[in-house]
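First up is the structure itself, then whatever we jot down about it.
The values are calculated or read from the model by the stated rules, or taken from the named source; none is laboratory data. Only a predicted model underlies this, so the values are computations on that prediction, with no experimental measurement involved. All Cβ positions, glycine included, derive from the backbone under ideal geometry; neighbour counts span all protein chains shown.
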Amino acid sequence: MKSLKLILIIVSVTFGFAQQLMAQSQTNGLYLTFNDYLHHKLIYSTDPNNPKGNKIYIHEFIGQNKVTVISNGKKLILNKSEIFGYHNNGQDYRFYESRAYQIVDITGFYIYSFEKLVQDGKGPKPVRSFYFSTKIDNEIQPLTSENIARAFPKNPKFRNLVEVEEKSGIQLGDYDAESNAYKIKEIYAESLK
C-alpha cells in the first residue's frame, strides 16, 4: 500500500512539473533584434499564468505599423520596422514591411507563411500564401519559380528542378506529411546532391 502511495506521489509531482514546464514554454514576447531571435531571447515577455504581467498587442488585423506593449502599467508604442519579430503560442514571426510573417522552416533558407482574408462567396476566407528569403534578414518575397531563379543564381539545378515541379502543377508551398518537409525544401535538398 505504501509503495502505491509513493508511486502516486511521484506521478503527481512529475505531472505538476510537466504542467509547469508546459506553461513556461508558452511564454510569448518580442524579438527586438535578429540576434534575440537566434538566441530565443524574448523581450517584454508575457506569461499566460500571470494576468497582471506584460501585455503585447501586435495590431495585425487592423494593419497598423505599430506594436503596443503594456509593461509595469506603462504603455509603450514601438514601430514594427524597428522590431525583428515576435513569438506567440509556440510560433515565431518576423516583421517585414509592417506585416508579420510566420517563420515555418529555416533549413537552407527561410520559408514564411502569411494568411490574409480573401472574399469568397458570402464572406471572407483566410488564404495562406508562402514566401521566402535567402537569409533571415533579407527581403521576403513570394515563393515563385521566378523569384527562386533570381535568388539562387549559383544553383542552376535548384532553379531547373523548381521550374519543372511548378510546370507539373505542384505547389512549392505544399507540405509533405510523409517526409515531414515542404516541397520546396525537398527540391532544394535534391539540388545539393
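Here is how the numbers come out for the structure above:
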| read-out | value |
| --- | --- |
| Residue in region 175-193 that is surrounded by the fewest Cβ atoms within 10 Å (Cβ to Cβ), counting only those that are outside any helix (DSSP H, G or I) and in contact with a strand residue (DSSP E or B) (Cβ under 7 Å, 6 or more places away or on another chain) | TYR175 |
| Output for region 142-174, where each listed residue is part of a loop (DSSP other than H, G, I, E, B) and under 23 Å from ARG128 (Cβ atoms) | LEU143, THR144, SER168, GLY169, ILE170, GLN171, LEU172, GLY173, ASP174 |
| Residue satisfying all of: in region 98-108; polar (S, T, N, Q) and modelled with pLDDT under 95; surrounded by the fewest Cβ atoms within 10 Å (Cβ to Cβ) among these | THR107 |
| Leading residue by the ranking (farthest from GLN64 (Cα to Cα)) among those in region 83-131 that are in contact with an Asp or Glu (Cβ under 8 Å, 6 or more places away or on another chain) and among the aliphatic types (A, V, I, L, M) | ILE111 |
| Residue within region 130-139 that is small (Gly, Ala, Ser) and exposed (fewer than 11 other Cβ atoms within 10 Å of the Cβ) present | no |
| Residue within region 109-121 that is at pLDDT 90 or above, within 28 Å of ASP36 (Cβ to Cβ) and part of a loop (DSSP other than H, G, I, E, B) present | yes |
| Every pair of residues 6+ apart whose Cβ atoms lie under 8 Å, when the first sits in region 107-129 and is free of Cβ contacts under 8 Å to residues at least 24 places away in the same chain while the second is of a type in the set (Lys, Arg) and surrounded by 10 or more Cβ atoms within 10 Å (Cβ to Cβ) | PHE114/ARG99; PHE114/ARG128; GLU115/ARG128; LEU117/LYS125; VAL118/LYS125; GLN119/LYS125; PRO126/LYS116; VAL127/LYS116 |
| Residue list for region 67-97, filter: more than 21 Å from THR27 (Cα to Cα) and surrounded by 17 or more Cβ atoms within 10 Å (Cβ to Cβ) | TYR96 |
| Residue ID - surrounded by the fewest Cβ atoms within 10 Å (Cβ to Cβ), chosen from residues in region 38-64 that are in contact with a helix residue (DSSP H, G or I) (Cβ under 8 Å, 6 or more places away or on another chain) and at pLDDT 90 or above | LYS41 |
